[in-house]
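Colleague: This is the structure I have questions about; it appears just below.
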């Protein structure tokens, strides 16, 4: 996605710590590509929620996998290379 990221995972650390690490590393990489120094890349907030059942997990997974299709970036979820839908299992 061009302006946000969806991640569905089971963290072994506090979510704030996990997000800080992810945002730090990706911001450094992105700013290096963009030839920028000292500029913010990510917004401060993140939206997290607890998944309480396997049914809810599957619903959220399908929502995330269909997001690039809804955004018009690909025709099928499998076509988005960074998606779990693109993996053959």
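Read-outs: derived from the displayed coordinates by stated rules, not from any lab. Source: prediction; values computed, not measured.
Colleague: On a 0 to 90 degree scale, rounded to 10, what angle separates helix 15-33 from the longest Cα axis of the chain?
Modeller: 60
Colleague: Next up: Relative to the longest principal axis of the C-alpha atoms of the chain, give the angle of the C-alpha long axis of helix 54-70, reported between 0 and 90° and rounded to the nearest 10°.
Modeller: 60
Colleague: Calculate, in nm to one decimal, what residue 49 and residue 6 gain on full extension: separation in residues at 0.36 nm each, minus their alpha carbon distance.
Modeller: On the way: separation 43, 0.36 × 43 = 15.48 nm, distance 1.17 nm.
Once the chain is fully extended between residue 49 and residue 6, it gains 14.3 nm.
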